[in-house]
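All remarks here apply to the structure that follows.
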Amino acid sequence: MVTLLLLLYLLIVGIGYGLKWLNLKHLEAYGAEVPPEFAGRIDEELLRKTRDYTVENSRFGFFESAFSHLVTLLFLFGGLLAHYNRAILHLSDSFILSGILFFLLLAYASTLLSIPFDLYSTFRIEKKYGFNTRTLRLWITDQVKSLVLSTLLLGILVGVGLWLVAASPEWWWLWVWGFFFLFGIVMMYLSPYVIEPLFNKYTPLDDPELEAKIRGLMEGVGIHVSRVFKMDASKRSKHTNAYFTGIGRVKRIVLFDTLLEKLNESEVVAVLAHEAGHWKKKHLLKGIVLSQVLIFIGAYLTWRFTRTDWLTDLFGIEPASFFAKLVILGFLYSIVSFPLTPLTSMLARRFEREADDFACTMSGDRESLASSLIKLARDNLSNLHPHPWYAAFYYSHPPVVERVRGIRKTKTKSKSKAFHRRGHGEKSKTRSKTKSNHRKDAESAEKT
């Protein structure tokens, strides 16, 4: 059974690498071609830079993921989990304290192992292509803040979760699921006020006219936004973005200062109209419901599997701790969920298209949305030629060329329909004029 799990894991890794390889080969074959949608908006030199950026990131990703997979194999199949499990259990007899130490130390180890890759990505690749503006001092400060914050939050989640396990052996899976759900909702309320300001400075938008347009847009579709902020994203990176944060009455719009520098007013409004589309179409709610259903099922299955020592016996782990069982289950869930990746990606892309359609219908300005996507893709050096299979499997957004083409095709169809409607109307009015000998009602219809 262990051999079968190992082969399944290697198969999944191989499929992932195969898709990445296809993506790179596709980029090598077509990366020098300027898509018609980008004609006049991107030159060959910038296109080569885009290709090089994608290739370098992809190759670096190969090394990073290979290291991660190697660590996973050594930890689970090389016996490291068994040694780690015994060491933690010898530190304390307390179920809750042992669990907190077990998962916190794993989180610290993961962070430590990721540091060299993060440093190289930030100060080598991102700097090389003109994106990184973060200093080493700021990077260290961010790491320390993240470590303290993750320690606090993970400690609360694990501590309360294990307390529920000990207090209700038969029903803990239900109480843990409910606690995690409520904790997530509370964090959505608190994050804009407590967590996000720890890393960035948020100031009121200094363009009253743009803010008035944004508020008018949101109020027009029934979305109450408490504040519109500009975020000092440029102190870390030149990448551009905008997002909604918070929930309920604390919803806020955050615009990167880099975005405001690159897009004009109409394009900024178009981007936010897209975000408004996600809210109006209840994509966030649907995503939460779907994820919570999966988590609910996962919690129940976790309870069922942890009631026996089958998992720990399978990997030769003694004593059979609850914590080791959770780690093994997490590994198994990653295998089982892999086939769901293209399905969730497809659903996410569908949501993006619906938000695009909503934005265009609401604003009536399709070209501004198309132009904003072109600028964002150009300035972020987004891959304009992803392999269709890779995009279908991993992309949460439709490829940008496809998105722009879809927006403009819809515009063309709308114009065509309007033309046919006008043409049909003209013929009807001509017949009316002939039959009525230019009566006043026909003249009125002409003017309309």
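Here, each number is a calculation from the coordinates, and none is a lab measurement. Given the structure is predicted, the values throughout are model-derived calculations rather than measurements. Positions of Cβ are generated from backbone atoms using ideal geometry, with glycine treated the same way; all protein chains shown enter the neighbour counts.
Quick notes on this structure:
- Candidates Asp313, Asp52, Asp365, ranked by Gaussian network fluctuation over the chain, Cα under 10 Å, top entry: Asp313
- Counting other Cβ atoms within 10 Å as a rough exposure proxy, the listed residues His385, His26, His224 run His224, His26, His385 from fewest neighbours to most.
- Across the alpha-carbon set of the stretch 81-189, the Rg to Rh ratio works out to 1.10, Rh being the Kirkwood radius.
- Our estimate of slack between Thr3 and Ile185, defined as 0.36 nm per intervening residue step minus the Cα-Cα distance, is 61.5 nm.
- Counted by neighbouring Cβ atoms within 10 Å, the residues Lys262, Lys25, Lys230 run from fewest to most as Lys25, Lys262, Lys230.
- Note: the stretch 12-64, Cα convex hull, 75 Å³ per residue.
- Only Cα sites of the stretch 146-252 enter the Debye sum here, all with the same form factor; the resulting log10 I(q)/I(0) across q = 0.13, 0.17 1/Å is -0.67, -0.92, listed in q order.
- Across Glu261, Glu126, Glu275, mean-square fluctuation computed from a Gaussian network of the chain (C-alpha pairs under 10 Å connected) peaks at Glu261.
- Sequence-ordered 3J(HN,Hα) estimates for the stretch 354-362 from the Karplus curve with 6.51, -1.76 and 1.60 and θ = phi - 60° stand at 5, 5, 4, 4, 4, 4, 5, 5, 5 Hz, glycine and proline given as x.
- For the chain, adding -39500 (n - 2.57) for each run of n ≥ 4 DSSP H residues and dividing by the number of residues yields -25000 deg cm²/dmol at 222 nm.
- Inter-probe distance in nm under a simple model that places probes 7 Å from Cα toward Cβ, at Glu44 and Asp142: 3.6
- Once backbone amide H atoms are built at 1.01 Å from N, Ser237 has Thr133 as its partners under 5 Å, excluding neighbours fewer than 5 places away on the same chain.
- The string of couplings for the stretch 100-115 from the Karplus curve (6.51, -1.76, 1.60, θ = phi - 60°) is 4, 4, 4, 7, 5, 5, 5, 5, 5, 5, 4, 4, 4, 5, 7, 4 Hz, one whole number per residue in order, with x for Gly and Pro.
- Taking His69, His83 and counting other C-beta atoms within 10 Å, the order from fewest to most: His83, His69
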